[in-house]
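Nothing in this text is a laboratory measurement; each read-out follows from the coordinates by a stated rule. Because the structure is a prediction, the values reported are computed rather than measured. Note: ideal-geometry Cβ built from the backbone for every residue, glycine included; neighbour counts use all protein chains shown.
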Amino acid sequence: MDEIRINRIRSMMKDELSVLINRELKDPRVPFVTVTQVELTRDAKQATVFVSVLAMNQTHAEPEVIESCLKALDNAKGFLRRSLSTLLGLRFVPDLLFREDKGLENTLRVNEILKQLSDEKEAAKKEAEKKNAAG
C-alpha cells in the first residue's frame, strides 16, 4: 500500500478512535483517554494505537489504572473495529493493539530533572559567592 494512503488511514483512525473511545465506549475502566498516535503496518493489517490516560488531580495515572484501561480497550476491540469499518468505509480494518504512550510522563520527568539541576547550580553559585565574600 502506498505511503499517502497509509498516512491518511492512520490519521482518520486516530481521529475516529479518539471519539469512539471517549464518547461511545461505556466501560467504567476506561477514564478519559487521548489517542496520541496510530502506527500502521505496510500492509495495513495491524495498527498499534498509543493512548495516554489522563488522571484526575495527578501528573500521571497509576499503573493499575493504565493496565485496567488497556485490558478494557483490548476487550472492546471488536466493537471499535466494527465502528471503524462503518465510519471509514474500509473493506479490511486492521487488528488493533493498544499500548501506553509514555511521552507525557517522560517529558515531565525530564523537566523535573532539569529543575533539580538548575536548583543545584544556583545553590553552588550562592555557596561560591559566600566563600568569595568571606575570603
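List of remarks:
- If R0 is 35 Å, the Cβ-Cβ spacing of T41 and V65 corresponds to a FRET efficiency of close to 0.75.
- Fluctuation leader among P63, P94, P31 - the chain, Gaussian network, Cα springs under 10 angstrom: P63
- Among the listed pairs K102/K125; K45/K102; K26/K102; K102/K126; K77/K102, those beyond 30 Å (Cα-Cα): K102/K125; K102/K126
- Value of [θ]222 nm, deg cm²/dmol, for the chain, DSSP H segments ≥ 4, -39500 (n - 2.57) each, nearest 500: -18500 deg cm²/dmol
- Point-to-point label distance, D27-T107, nm (Cα→Cβ direction, 7 Å offset): 2.6 nm
- The chain: angle of helix 103-134 to the longest principal axis, Cα-based, in degrees nearest 10: 10 degrees
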